[in-house]
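Q: Have a look at this one before I ask anything.
Where a number appears in this text, it was derived from the coordinates with a stated rule and is not lab data. Just so you know, these numbers come straight off a predicted model, no measurement behind them. Positions of Cβ are backbone-derived with ideal geometry, glycine not excepted, and every protein chain shown enters the neighbour counts.
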Amino acid sequence: MPLARPAIGPPVFETMIGVFFVMEDAAKGEMVKCIISTEALEDVAASLGVTGDQMKLFTALRSKIETAASTEYDRGSIDPTGTVRLTSSDALK
């Protein structure tokens, strides 16, 4: 089941390793933690000619990032902590 952006949820925040965000699996009634690495975020931005700091890049590319997170979730690509981790190869598909 595809993930969706929750109507109300925890905020998006940046760290040294990337940007954390939350999506919702409505069928299970669960929130799913996601992160896109800094490298992946910069690679996606560069491929599309988008510039800015991490949060500006995330905001500009959010739909693409969320689609990639949903795809990885549907594939079962979830780490032992229950987090969907997007790398450059995941985000650029």
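Q: Out of (1) part of a helix (DSSP H, G or I); (2) surrounded by fewer than 16 Cβ atoms within 10 Å (Cβ to Cβ); (3) among the aliphatic types (A, V, I, L, M), the odd one out for A27 is which?
A: All conditions are met except number (1).
Q: From the list F20, F58, which one is part of a helix (DSSP H, G or I), touching a strand residue (DSSP E or B) at 6+ places or on another chain (Cβ under 6 Å) and under 23 Å from A7 (Cα atoms)?
A: Values: F20 fails: part of a helix (DSSP H, G or I).
On inspection, the qualifying residue turns out to be F58.
Q: Out of everything in segment 36-59 that is among the charged types (D, E, K, R) and loosely packed, with under 13 Cβ neighbours inside 10 Å, what residue ends up being farthest from V12 (Cα to Cα)? So that I can check it myself, show each step before the final result.
A: Taking segment 36-59 as the starting set, the residues that turn out to be among the charged types (D, E, K, R) are 39, 42-43, 53, 56.
If we keep only those that are loosely packed, with under 13 Cβ neighbours inside 10 Å as well, we get 53, 56.
Values: D53: 14, K56: 12 Å.
Checking each candidate, the answer is D53.
Q: Please verify whether T83 is free of Cβ contacts under 8 Å to residues at least 24 places away in the same chain and polar (S, T, N, Q), treating the condition exactly as stated. Steps first, please.
A: Values: free of Cβ contacts under 8 Å to residues at least 24 places away in the same chain: no; polar (S, T, N, Q): yes.
No.
Q: Can you name the residue in segment 60-90 that is in contact with an Asp or Glu (Cβ under 7 Å, 6 or more places away or on another chain) and among the small types (G, A, S) and, of all such residues, is farthest from V12 (Cα to Cα)? Even if it seems obvious, please write down each step before you answer.
A: The first filter runs over segment 60-90 and keeps only residues in contact with an Asp or Glu (Cβ under 7 Å, 6 or more places away or on another chain), leaving 68, 72, 84-86, 88, 90.
Next, only the ones that are among the small types (G, A, S) stay: 68, 88.
Values: A68: 16, S88: 19 Å.
Ranking the qualifying residues of segment 60-90, first place goes to S88.
Q: Which one of these is without any contact (Cβ under 8 Å) to a residue 24 or more places away in the chain and surrounded by 13 or more Cβ atoms within 10 Å (Cβ to Cβ): S63, S77? Please lay out each step first, then the result.
A: Numbers: S63 fails: surrounded by 13 or more Cβ atoms within 10 Å (Cβ to Cβ).
Exactly one of S63, S77 is without any contact (Cβ under 8 Å) to a residue 24 or more places away in the chain and surrounded by 13 or more Cβ atoms within 10 Å (Cβ to Cβ), namely S77.
Q: Scan (1) under 16 Å from G82 (Cα atoms); (2) in contact (Cβ under 8 Å) with a residue 40 or more places away in the chain; (3) in a helix (DSSP H, G or I); (4) of a type outside the set (D, E) for the single condition C34 breaks and write down its number.
A: (3)
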